[in-house]
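**Student:** Quick one: the structure is below, questions incoming.
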Amino acid sequence: MDIAHFIFGILGDASGLFLFLAPIVTFKRIITNKSTEKFSGIPYNMTLLNCLLSAWYGLPFVSPHNILVTVINGTGALIEIIYVLIFLLYAPKKEKAKTLGFFSFVVAVFSAVVFISLFALHGNSRKIFCGFAAAVFSIIMYGSPLSIMRLVIRTKSVEFMPFLLSLFVFICGTSWFIFGLLGRDPFLAVPNGVGSALGAVQLILYFIYRDKKSGPKKPTTPTQEESLEMGTAKNEAIQSNNNNKNNNGTQ
């Protein structure tokens, strides 16, 4: 069982890295245009908080045998910090203030969890407190594509739900779900079980609507607040589609 536990942890790390790197195409566009356009900085702050809390939870003095959780989420936290800094560099003043405010919230929540767990809690109570905090934000992160799934059902098109992204959501969630089961850790099994289920639903929707095209209706876009980390790539596709239509209309 220890070998299987390790293998699923490695698989979870690999698929998790893909998810964290997925927004690179968005930031390549932001740097090229020197503007954040209509993208929101909230997704990256929320994912940063999830990574920080999960990385803290995986540390040996908080929960033993979960160091692989710390490895991938520590890496993810570094990646998300870079995203947030780039966003702050190119965002307009109003969006910059909002992003900075959420970043302050992330720092405050993480600092509070660290302080309480170090100085007020010990042993199993520390693990429960940190695990609960990490699980809540993991579920929020996995639940972020719900707006895109609604969009797919409304438009009967998977144009804005890339197959590979949905596949790696499923693989990542399933890997950490099994990892949590093998380690008898509900704080890993439950949120990642939710992620696995949502990833499976995305794949089912993809295979239902992959050969169908949306009708001649105005493009429907999810709100910025609805799109969290794993919805950002679709937001970019929507924005590009609108820009292309505008350019064609001026010719």
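The values are calculated or read from the model by the stated rules, or taken from the named source; none is laboratory data. Since the structure is predicted, the reported quantities are computational estimates derived from the model, not experimental observations. Here the Cβ positions follow ideal geometry from the backbone for every residue, glycine too, while neighbour counts run over all protein chains shown.
**Student:** Which residue is modelled with the highest pLDDT, if the candidates are limited to segment 20-64 and must be within 14 Å of the chain's Cα centre (by Cα) and small (G, A, S)?
**Tutor:** S54
**Student:** Among the residues of segment 87-102, is any within 27 Å of L68 (Cα to Cα) and aliphatic (A, V, I, L, M)?
**Tutor:** No, because not a single residue in segment 87-102 is within 27 Å of L68 (Cα to Cα) and aliphatic (A, V, I, L, M).
**Student:** Still on this structure, I have one more. State yes or no: is S196 crowded, with 23+ Cβ neighbours inside 10 Å and within 24 Å of I72 (Cα to Cα)?
**Tutor:** Numbers: crowded, with 23+ Cβ neighbours inside 10 Å: no; within 24 Å of I72 (Cα to Cα): yes.
So S196 does not fit the description; no.
**Student:** Assuming M46 fulfils every condition listed in (1) out of contact with any helix residue (DSSP H, G or I) (no Cβ under 6 Å at 6 or more places or on another chain); (2) crowded, with 22+ Cβ neighbours inside 10 Å; (3) of a type outside the set (D, E, K, R) apart from one, which condition is it?
**Tutor:** For M46, the exception is condition (2).
**Student:** Please go through segment 123-165 and give me each residue that is outside any helix (DSSP H, G or I) and farther than 19 Å from L53 by Cβ, ordered by number. Break it down into steps so the answer makes sense when it comes.
**Tutor:** Of all residues in segment 123-165, those outside any helix (DSSP H, G or I) come to 144-145, 156-162.
P145, K156, S157, V158, E159, F160, M161, P162 - these are the residues of segment 123-165 that are outside any helix (DSSP H, G or I) and farther than 19 Å from L53 by Cβ.
**Student:** Looking at K213, K245 in this structure, which one is part of a helix (DSSP H, G or I) and either at pLDDT 50 or above or more than 15 Å from the chain's Cα centre (by Cα) (or both)? Outline the logic, then answer.
**Tutor:** Working: K213 fails: part of a helix (DSSP H, G or I).
The conditions single out K245.
**Student:** Filter segment 184-197 down to the residues that are at pLDDT 90 or above and not aromatic (F, W, Y) and list them by number.
**Tutor:** To start, the set of residues in segment 184-197 that are at pLDDT 90 or above comprises 184-194, 196-197.
The answer is R184, D185, P186, L188, A189, V190, P191, N192, G193, V194, S196, A197.
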